Amino acid sequence: MEEEIVEEGKVYTESFLVESIRSLKRNRSALVGLTIVIFLIFVAIFAKAISPHNPIEQNLYDNLKPGFWAGNSKNLLGTDEFGRDILSRLIYGARVSVSTGIIAVVIGVLLGSLAGICSGYFGGWIDNLLMRLTDIMFSLPSILLAIVIVSVLGGGLSKAMIAIGITYAPQIARVVRSETLTVKNSEYIESARAIGAPNKRIIRVHVLPNVLSVIIVYTTLSIGSAILDAAALGFLGLGAQPPTAEWGAMLANSNHYITGGYWWVATFPGVAILISVLGFNLLGDGLRDAIDPRLRKKF
């Protein structure tokens, strides 16, 4: 049954939120993803408190030492080529990698949502211009486009965030445009136009709330991919710069030591990337099914 609350002449329904939460609770994979995401955020926030060592402190006398499996209780996951504690760098790397993924996706969602709503609502030459621009951006693989943008803007973590965000904008623009076209032809939009409501108010009050579910699902699903893209840029030396602890950069620095038997230097950063991407993807799938199962066709 749909529960309603009447307040000052307005009717609010609780069933959507309640049913979405119940559906999310019944989805075990989504709960696993939520647990992973909460853990990653906790580690990122409290990195300084839980990190056993300084992530950039070097000790060349202890370089490339194995971890707990070799009886090393000081460095549980071993050390890298400069004697830096890998566990500490993974913990601080969570802060860099997760924040990079989230900020990059937020940039992409803001740009893409604005373009998608304007394109779908106004149509005409605005729609043609924006959609042709997205077609051009779609003609290149996202990681290649990010590399081109970073090459133009210059290397660095902030530039990598902007580059990744720009590459994600066309995807959300297409989806939001599709939803906006559906909402645009609704009776309540026509009624709002008939009483003389300005376009800005119609978009803010009627269009945006109806495309918000798509934006939420896309945001969650994209963070994992953005973390992977940030790691790829870091691996290529276009993202976080030394001595910043970042998972992709850690992988790049370890590729010379894998064949020498120092497997832990590359394994643990790779596992961290795998788990974080898996967590956000599982949570995104769960949110998609909970909010609107029809979104399976779009994501």
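Quick note: the coordinates plus some simple rules give every number you see, no bench work behind them. Treat the numbers as computed from the prediction; the structure is a model and nothing was measured. Methodologically, a virtual Cβ is constructed for each residue, glycine included, from the backbone with ideal geometry; neighbour enumeration extends over all protein chains shown.
Specify the inter-centroid distance of the stretch 99-170 and the stretch 180-222, based on alpha-carbon positions, in whole Å. What the calculation gives is 21 Å, centre to centre.
Dividing the convex hull volume of the Cα atoms of the stretch 40-180 by its residue count, what figure in Å³ per residue is obtained?
Working: hull volume 19.6 nm³, N = 141.
Considering the Cα atoms of the stretch 40-180, their hull volume per residue is 139 Å³.
The angle separating the long axis of helix 157-184 from the principal Cα axis of greatest extent in the chain is about 20 degrees. Normalised by the number of residues in the chain, the mean separation of alpha-carbon contacts (under 8 Å, six or more apart) gives a relative contact order of 24 percent.
Within the chain, the longest run free of GluC sites (Glu not before Pro) that sit in a DSSP loop with at most 14 other Cβ atoms within 10 Å is 58-299. Compared with the dominant Cα axis of the chain, that is its longest principal axis, helix 208-235 is turned about 20°. The angle between the Cα long axis of helix 28-45 and the longest principal axis of the Cα atoms of the chain comes to about 60 degrees, rounded to the nearest 10. In sequence order, the stretch 51-59 has phi-based couplings of 6, x, 9, 6, x, 10, 6, 9, 8 Hz under the Karplus curve 6.51 cos²θ - 1.76 cosθ + 1.60, θ = phi - 60°, and Gly or Pro positions carry x. Of the labelled options (i) 18.7; (ii) 20.2; (iii) 21.4, which one gives Kirkwood radius over Cα pairs in Å as computed for this structure? Entry (iii).
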